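Below: one structure, written as structure tokens.
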Amino acid sequence: MANINSNDIEINSLEMLNEFLSATDNSENAFYISSVPEICKTSPCVLGIDEAGRGPVLGPMVYGTSFCPVEKSEILKKLECADSKDLTEEKRDVIFSNILNSLDTVGWAVEVISPNTICNNMLKRAKYSLNAVSMDSAIGLIRAAEAAGVNIEHIYVDTVGKPEKYQAYLLSIFPQYKITVAKKADSTYPIVSAASICAKVTRDHALQIWKFQEGLDLTHKDFGSGYPGDPVTKKFLAEYCDLVFGFPQLVRFSWSTASNVLDKAAYHVEWEDPEEEKSEIPADTTSITSFFKVVPPKSLHTKKRKRHEYFTQRCLSNQVEF
């Protein structure tokens with residue numbers, strides 16, 4: 001699950017959503033769950049799950065959930081919950097605000113999955129696919145609702161991959177619940193529509209208040225929607241590709257749209273095959289890695305060496321000790 005403790009803030013307005021997102025580290029995941037209405041702890045509830053931002057080359061992917069008592073599910077129609085993709089940004093904000101004003105009946109939660117997390121998972125040696133990231137996030141949201149005391153009866157999920165296979169997988173983990181996984185669940189089940197709106201509004205606002213750790217003075221209007229076909233997004237990728245380090249952390253390096261730009265614009269790097277047979281090294285030869293070993297200070301009063309701003313400004317950190 002995520003690294004941010006949602007208990008530090010109560011989101012009851014769009015302004016508070018922005019405050020929560022502003023307090024998070026863009027390079028890490030963030031999680032928030034609302035207070036659970038008392039009626040959701042005693043009455044059987046429906047719980048919906050959907051995502052926003054699966055396809056874009058920029059920004060986080062957000063998984064959202066919403067839950068309410070079965071007996072009160074008519075409130076979702078009154079709130080005008082519908083598939084977030086069919087609504088304007090302004091309308092989504094209005095409906096989300098209405099959900100925040102109905103927290104005596106409806107609860108919600110989101111996981112903001114950072115571009116950095118997505119890339120690292122998809123590019124590492126033991127690949128962790130986007131489908132796997134998505135499923136694990138959905139499972140995490142269900143478990144978070146359970147832990148918060150939601151009396152879940154039926155779970156509705158917008159599918160990732162084949163719905164029958166995904167549904168069987170979720171039932172193997174949560175056999176105590178009724179589970180429906182379907183294509184276009186966000187336009188079929190109002191509780192999934194509500195989850196879709198929570199996810200989409202959170203992603204929209206995460207992009208609107210995005211702070212570049214690389215020091216770029218840009219707004220969301222400078223990089224567009226993040227979808228590969230957006231001309232503004234294409235222009236941003238072309239103009240903000242560093243020859244050595246590539247893109248800011250807003251960009252998903254693992255997307256072909258980004259890697260194609262890197263192939264054309266950035267310096268070419270050749271990686272040696274780790275399985276390649278090593279040649280014999282004379283016994284008296286000093287290993288090159290020995291020059292990078294950390295030597296313990298001779299005295300406790302030795303001043304700690306400060307990292308060069310070249311590395312701190314680019315958010316670079318040590319991952320492997322030689």
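Put simply, of Ile197, Ile191, Ile179 the only residue that is assigned to a strand (DSSP E or B), out of contact with any His (no Cβ under 7 Å at 6 or more places or on another chain) and surrounded by 14 or more Cβ atoms within 10 Å (Cβ to Cβ) is Ile179.
In the range 148-155 there is at least one residue that is within 25 Å of Leu17 (Cα to Cα), open to solvent by 20 Å² or more (accessible area, probe 1.4 Å), touching a residue at least 60 places away in the same chain (Cβ under 8 Å) and not in a helix (DSSP H, G or I).
Residues checked against (1) open to solvent by 60 Å² or more (accessible area, probe 1.4 Å); (2) not in a loop (DSSP other than H, G, I, E, B):
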{"residue": "Lys211", "(1), (2)": "yes, no"}
{"residue": "Glu214", "(1), (2)": "no, no"}
{"residue": "Asp217", "(1), (2)": "yes, no"}
{"residue": "Lys221", "(1), (2)": "yes, yes"}
{"residue": "Ser225", "(1), (2)": "no, no"}
{"residue": "Pro228", "(1), (2)": "no, no"}
{"residue": "Ala238", "(1), (2)": "yes, yes"}
{"residue": "Val244", "(1), (2)": "yes, no"}
{"residue": "Gln249", "(1), (2)": "no, no"}
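Has the range 41-48 got any residue that is under 21 Å from the mean Cα position of the chain (by Cα) and open to solvent by 40 Å² or more (accessible area, probe 1.4 Å)? Can you show your working first?
Applying the first criterion (under 21 Å from the mean Cα position of the chain (by Cα)) to the range 41-48 yields 47-48.
Then keep just the ones that are open to solvent by 40 Å² or more (accessible area, probe 1.4 Å); that gives none.
For the range 41-48, residues under 21 Å from the mean Cα position of the chain (by Cα) and open to solvent by 40 Å² or more (accessible area, probe 1.4 Å): absent.
The single condition from (1) closer than 29 Å to Glu15 by Cβ; (2) open to solvent by 10 Å² or more (accessible area, probe 1.4 Å); (3) modelled with pLDDT of 95 or more that Thr65 fails is (2).
Pairing each residue of the range 205-223 that is closer than 18 Å to Val57 by Cβ with any residue that is among the β-branched types (Val, Ile, Thr) and in a helix (DSSP H, G or I), provided the two are 6+ apart or on different chains, yields C-beta distances under 7 Å for Phe223/Val232; Phe223/Thr233.
Test Glu10 against the criterion of being out of contact with any Phe, Trp or Tyr (no Cβ under 6 Å at 6 or more places or on another chain), acidic (Asp, Glu) and free of Cβ contacts under 8 Å to residues at least 60 places away in the same chain, and give yes or no.
Here the answer is yes, as Glu10 does meet what is asked.
Residues in the range 251-270 that are in a loop (DSSP other than H, G, I, E, B) and among the aliphatic types (A, V, I, L, M): Ala266, Val269.
The values are calculated or read from the model by the stated rules, or taken from the named source; none is laboratory data. All values reported here derive from a predicted model rather than from experimental measurement. Please note: Cβ atoms are built from the backbone with ideal geometry, for glycine as well, and neighbour counts cover all protein chains shown. Remember, those area values only see protein heavy atoms, side chains included, never the ligands or the DNA or RNA. Shrake-Rupley method; radii C 1.70, N 1.55, O 1.52, S 1.80 Å.
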